[in-house]
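Below is one structure; the comments refer to it alone.
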Amino acid sequence: MIDPEAGAIPRSTFDNLLLPVFSPAEFIPVKALGSTVWDQQGRSYIDFAGGIAVTALGHCHPELVETLQQQSEALWHTSNFYTNEPALRLAVELTSNTFAGRVFFANSGSEANEAAFKVARYYAATQHSPYKTKIIAFTRAFHGRTLFTVSVGGQPSYVDGFGPAPADIVHIPFNDSSALEAVMDARTCAVVLELIQGEGGVIEAQHQFVAKARALCDHHQALLIFDEVQTGMGRTGKLFAYQHYGVTPDILTAAKALGGGFPISAMLTSNQVGKVMKPGSHGSTYGGNALACAVAEKAFKLINTAEMLTGVIHRQQWLLDGLAVINEQFNIFTAIRGRGLLIGAELTEEWQGHIKTLINVCAEQGVMIITAGHNVLRFTPALNIDQDEINLGLSRLAQAISQVNKMR
Ligand SMILES: *Cc1c(COP(=O)(O)O)cnc(C)c1O
């Protein structure tokens with residue numbers, strides 16, 4: 001633990017030196033294990049955020065630590081002028097456990113989606129027509145922060161001031177099959193959706209809507225892209241959320257939990273789609289880096305087991321039960337929704353103006369919780385969080401709610 005007297009770097013450094021695009025919590029985490037985090041003062045926190053659905057195996061999982069140490073003494077990086085064994089082994093895992101026949105590795109969700117949208121345009125231009133460029137996306141969708149991905153995302157405020165944005169992107173309401181039918185045509189190259197809109201407030205795609213999207217894409221020779229950056233890697237109790245729906249995409253993107261906290265992402269495609277790309281048609285310096293792939297391969301093997309995936313469903317139930325008790329006491333949520341360990345609890349109107357205060361008081365009480373949208377508490381803990389940690393986190397959340405309740 002860092003001794004504050006020994007000159008720990010202060011939080012104010014953030015305000016002075018970092019680009020002010022974030023407003024991080026007042027405390028600074030310095031150490032973590034499992035789902036418990038300690039700050040500079042040695043105070044402990046239960047982590048219900050999991051780094052936004054990233055640290056799926058908890059913090060400093062001993063097997064990930066061991067893999068990282070071993071790989072760090074063997075090979076870190078070679079660039080894509082050379083391939084490496086961890087990348088090849090991870091590609092085997094990803095393709096043999098999903099619909100996919102091809103994989104492209106990148107470093108973030110945004111980059112995986114950027115690749116997906118480029119591949120969709122390229123596939124349409126080379127296989128159909130250079131005028132088949134229209135991308136259909138959904139209101140409140142989130143696909144990343146590069147200019148292309150933020151333009152495909154459904155939050156106009158995130159694009160304002162950064163224009164001109166890439167063209168020929170259409171947004172329609174989520175889960176609206178008739179709107180989708182109305183906007184799709186021969187010029188559509190892709191439909192992109194999250195099976196659960198994460199940033200948009202934890203909104204599940206309806207089964208019928210997803211099936212309709214698949215049928216319309218087939219009819220119009222468009223590609224169906226599932227952005228599983230947040231829902232993938234066991235988050236919903238299956239390896240990928242599309243496996244709940246029985247609907248197969250042409251392209252799927254994964255990131256967040258893929259490296260268990262080490263930055264890595266992947267775009268998976270069917271063989272038919274992926275094989276149209278040529279050397280030089282897309283690329284990345286770091287993508288498929290040996291260090292990242294070694295950690296991701298280990299994370300994949302630890303997540304993709306029956307025990308881990310059924311464990312997600314048990315933990316979901318513990319969390320839902322605890323949130324229901326809290327709601328009986330405080331009448332704070334209008335809805336508690338989601339799947340597996342991607343849970344959103346929407347605040348009642350009376351509470352909506354207090355969400356920032358509540359998050360801050362949660363931190364003071366020792367529980368890390370994040371938001372989705374402006375009125376939803378989001379729970380994306382590690383898939384292996386202990387029942388004791390869940391109970392302690394929930395009791396700290398209840399204390400925080402009780403405290404804010406008296407203040408408001
Ligand atoms: C987080 C997220 C992204 C962006 O990932 P980054 O790693 O931040 O670039 C894209 N899509 C979805 C659904 C996400 O949740």
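Overview of values
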{"item": "For region 245-309, Kirkwood radius (reciprocal of mean inverse C-alpha pair distance, Å)", "result": "13.6"}
{"item": "Proportion of all alpha-carbon pairs of region 105-216 beyond 24 Å (%)", "result": "22"}
{"item": "Full-extension gain in nm, Q206 to N304, via 0.36 nm per residue minus C-alpha separation", "result": "32.8 nm"}
{"item": "Top positive-direction residue, dipole computed over region 266-364 with Cβ charges, set F330, P279, T348", "result": "P279"}
{"item": "Theoretical FRET efficiency, 1/(1+(r/R0)^6), r = Cβ-Cβ of K118 and Y158, R0 22 Å, to 0.05", "result": "0.65"}
{"item": "Apportionment of accessible area to carbon and sulfur, region 176-324, percent (1.4 Å)", "result": "53"}
{"item": "Reachable lysines from K256, criterion Cα separation under 18 angstrom, eight or more residues apart if same chain", "result": "K238, K298, K301"}
{"item": "Ratio Rg/Rh, restricted to the chain and using Cα atoms, in which Rh is the Kirkwood radius", "result": "0.97"}
{"item": "Gyration tensor (alpha-carbon) shape descriptor, region 33-189, a/c threshold 1.5", "result": "oblate"}
{"item": "Equivalent ellipsoid dimensions for region 345-385 as semi-axes, Å, which come from the Cα gyration tensor, largest first", "result": "19, 13, 7"}
{"item": "Three-way shape call for region 72-119 based on the alpha-carbon gyration tensor, with the a/c threshold at 1.5", "result": "oblate"}
{"item": "All aspartates and glutamates inside 14 Å of K275 as judged from Cα atoms, apart from same-chain residues fewer than 8 positions distant", "result": "D250"}
{"item": "Label point distance in nm, A324-H282, each placed 7 Å from Cα along Cα→Cβ", "result": "4.3"}
{"item": "Estimated 222 nm signal from helices in the chain, with DSSP H stretches of n ≥ 4 weighted -39500 (n - 2.57), rounded to 500", "result": "-12000 deg cm²/dmol"}
{"item": "Rounded FRET efficiency, nearest 0.05, which uses the C-beta distance separating H219 from Y82 and R0 of 41 Å", "result": "0.45"}
{"item": "Accessible area of V325 in the full protein assembly, 1.4 Å probe (Å², nearest 10)", "result": "90"}
{"item": "Label point distance in nm, L33-N271, each placed 7 Å from Cα along Cα→Cβ", "result": "4.7"}
{"item": "Gain upon complete extension [H314, A186; 0.36 nm per residue less C-alpha separation]", "result": "41.6 nm"}
{"item": "Relative packing of peptides 255-267, 16-28 - highest average C-beta neighbours within 10 Å first", "result": "255-267, 16-28"}
{"item": "Listed peptides 370-379, 227-236, 30-39 by packing density, highest first (mean Cβ within 10 Å)", "result": "227-236, 370-379, 30-39"}
{"item": "Exposure rank, largest accessible area first [Y131, Y158, Y45; 1.4 Å]", "result": "Y131, Y158, Y45"}
{"item": "Cα gyration tensor shape of region 152-281, rounded if a/c is under 1.5, else prolate or oblate by comparing a/b with b/c", "result": "rounded"}
{"item": "Distance (nanometres) between label positions extended 7 Å along Cα→Cβ at V65 and A167", "result": "5.5"}
{"item": "Calculated FRET efficiency for the pair H128/D386, C-beta based, R₀ 30 Å, to 0.05", "result": "0.05"}
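The values are calculated or read from the model by the stated rules, or taken from the named source; none is laboratory data. Only a predicted model underlies this, so the values are computations on that prediction, with no experimental measurement involved. Counting neighbours? That spans all protein chains shown, and the Cβs are built from the backbone with ideal geometry, glycine included. Accessible surface is based on the protein model in full, side chains and every heavy atom, while ligands, DNA and RNA are left aside. Shrake-Rupley method; radii C 1.70, N 1.55, O 1.52, S 1.80 Å.
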